[in-house]
1. Give the residue, chosen from B:Leu8, B:Leu64, B:Leu36, that is part of a helix (DSSP H, G or I) and either in the same structural domain as B:Asp244 (by TED's automatic domain parsing) or in contact with a strand residue (DSSP E or B) (Cβ under 9 Å, 6 or more places away or on another chain) (or both).
2. So B:Leu240 ticks every box in (1) touching a Phe, Trp or Tyr at 6+ places or on another chain (Cβ under 9 Å); (2) farther than 16 Å from B:Met173 by Cα; (3) aliphatic (A, V, I, L, M) but one. Which box is left unticked?
3. Of all residues in region A:251-289, which are free of Cβ contacts under 8 Å to residues at least 24 places away in the same chain and more than 10 Å from chain B (Cβ to nearest Cβ)?
4. Check B:Gln209 against each of (1) free of Cβ contacts under 8 Å to residues at least 24 places away in the same chain; (2) over 29 Å from B:Asn66 (Cα atoms); (3) in contact with a Leu (Cβ under 8 Å, 6 or more places away or on another chain) and name the one condition it does not meet.
5. For region B:223-250, what are the residues that are on the phi > 0 side of the Ramachandran plot and free of Cβ contacts under 8 Å to residues at least 24 places away in the same chain?
6. Could you run through region A:1-46 and say how many residues are without any contact (Cβ under 8 Å) to a residue 24 or more places away in the chain and open to solvent by 10 Å² or more (accessible area, probe 1.4 Å)?
7. Any chance you could count how many residues in region B:228-250 are within 13 Å of another protein chain (Cβ to nearest Cβ), in contact with a helix residue (DSSP H, G or I) (Cβ under 7 Å, 6 or more places away or on another chain), assigned to a helix (DSSP H, G or I) and open to solvent by 10 Å² or more (accessible area, probe 1.4 Å)?
8. Does region B:67-113 hold any residues that are under 22 Å from the mean Cα position of the chain (by Cα) and assigned to a loop (DSSP other than H, G, I, E, B), and which are they?
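The values are calculated or read from the model by the stated rules, or taken from the named source; none is laboratory data. Since this is a predicted model, take the numbers as computed values, not measurements. Ideal geometry is used to build each Cβ from the backbone, glycine not excepted, and the neighbour counts take in all protein chains shown. Please note that ligands, DNA and RNA were not included when accessible areas were found on the heavy atoms of the full protein model with its side chains. Shrake-Rupley method; radii C 1.70, N 1.55, O 1.52, S 1.80 Å.
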Number of protein chains: 2
Amino acid sequence: MKVAFIGLGNMGGGMAANLVKAGHEVRASDLSPEALDRAKDNGCAVFGTVQEAVADAEAVVSMLPNGAIVDAVYGADVIGHAPQGALFLDCSTIDVDTARKVTKAAESADYEMVDAPVSGGIAAANGGTLTFMVGGTDNAFARAEPILAAMGKAVIHAGASGAGQAAKICNNMLLGASMIATCETFKLAEKLGLDLQTFYDISSKASGQNWSMTSYCPVPGVGPQSPADNGYQGGFAAALMLKDLKLAMEAAASVDAIVPMGEKAASLYEAFARDGSGGMDFSGIIKTL
Amino acid sequence: MKVAFIGLGNMGGGMAANLVKAGHEVRASDLSPEALDRAKDNGCAVFGTVQEAVADAEAVVSMLPNGAIVDAVYGADVIGHAPQGALFLDCSTIDVDTARKVTKAAESADYEMVDAPVSGGIAAANGGTLTFMVGGTDNAFARAEPILAAMGKAVIHAGASGAGQAAKICNNMLLGASMIATCETFKLAEKLGLDLQTFYDISSKASGQNWSMTSYCPVPGVGPQSPADNGYQGGFAAALMLKDLKLAMEAAASVDAIVPMGEKAASLYEAFARDGSGGMDFSGIIKTL
């Protein structure tokens, strides 16, 4: 299938390469010449503009930094420029309202579109093991699934348009709050004189158990291998967690939802990023507690 | 073994009955005549004063409401009144400092003592399926283990004196924060138009997974059977969660630990209890979000 790919950054570069490996003819576009060079090395055809890349595409995949850019790129260079009937898949993490607005604009021009943000970092993008949370109609999901499957290990239909973004930011809001709660709990346990391995053995089998503890433990040497064992490098950058928490706060405000723990987590990650630690793995916030 | 049991309330009554079932000669004491009558029906010998109950005991088990009462009862009526060499097991949930202080007083008088707070509610106390988190020396733990095993399904050595209390309040602080974060996330998901079963299916297998979601889901009809399916009745009362969170805040203050999510959870459960919902299961806080 001829697939246009817009946005060849840290995540998009690996994703486009996996589409090539799956046998697709990938037509790549990015503002960065270096990113285009890498895409070419990975087997993509490269184009200087989005309009050229999408001109002949059966599907358009985008991986862009924020909602304003997604809105602008689809509005100016994709809708009306891609062939009639092409499928659009936006894998960026953006706000729910913009996701719904762009899909509506695409549908008005007789395209189908899904929002399909990912869970998993750069390693998963390169390895083709991302999880996609997809919002869109049943028909759009059915068309999107095999394309996404070439880039991931799981493709989940979360509901109608915007549901992919909603599911992602809800999950990540809970993750951010749980991570900080887990970090402060380990620090309190340590200060109260508990051996942290012993506390892990107790709490991981009790009602304190959570993914941040048992799959991504923020304490070096305790639990499974995690960024904590590597000086809090790699993994999921605190700045990206902050981005997701801000999207969650925007979404909560737009529907009058009360999210006190999410708010607290957002303000703590904001302070953490402001102090220059945005590039550190998000579990590194334990150092501030 | 001759075991004195002090405090035959909602929890202690069932625990004492399980000691009788295990073949111990239980010598029970409580301020409430009704509690003593029930203990008698369950096969305990009953005594009007603590001093009488402990006079001939090889072990003393206590299940009392707070640290001040534990301190007063052991100081006035147990230490020096129980036979030399008796083992003391305090199963109350109290502050770490008082637990250590009472144990120290007992040791000064040549008794051994463990702090052994429980996880599990009234049903687990009656059914003998509590989990005990035990603080004390190796020798005291070895002596305490078979007695506690008669009342529970798991007996865990958390460390030295006070470690049982520390492990419990750390775990429960994390639980309280995780429960509220889980509740607000489900409410946000709902308001954003997600189907809650679908969101559960996604997040319970992703990085938002936590015990409050997957073992005690606060949404009726979603996840395993839980108090949410029973109008938030039964389970673990919000007032008891608040008690544990207050103990955690005291402990954090005493060791200069920073616990922002625990603090937020404590203030939210305080408001919930103040509004008359202290008797509701702690997952009922979802109704306020």
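1. Criteria check complete, one pass: B:Leu36.
2. Of everything listed in (1) touching a Phe, Trp or Tyr at 6+ places or on another chain (Cβ under 9 Å); (2) farther than 16 Å from B:Met173 by Cα; (3) aliphatic (A, V, I, L, M), B:Leu240 misses just condition (2).
3. A:Ala253, A:Ala271, A:Arg274, A:Asp275, A:Gly276 - these are the residues of region A:251-289 that are free of Cβ contacts under 8 Å to residues at least 24 places away in the same chain and more than 10 Å from chain B (Cβ to nearest Cβ).
4. Of the numbered conditions (1) free of Cβ contacts under 8 Å to residues at least 24 places away in the same chain; (2) over 29 Å from B:Asn66 (Cα atoms); (3) in contact with a Leu (Cβ under 8 Å, 6 or more places away or on another chain), the odd one out for B:Gln209 is (3).
5. Once the filter is applied, which keeps residues that are on the phi > 0 side of the Ramachandran plot and free of Cβ contacts under 8 Å to residues at least 24 places away in the same chain, region B:223-250 yields B:Gly223, B:Gly231.
6. 9
7. Going through region B:228-250 one residue at a time, the tally reaches 2.
8. B:Cys91, B:Ser92, B:Thr93, B:Ile94, B:Asp95
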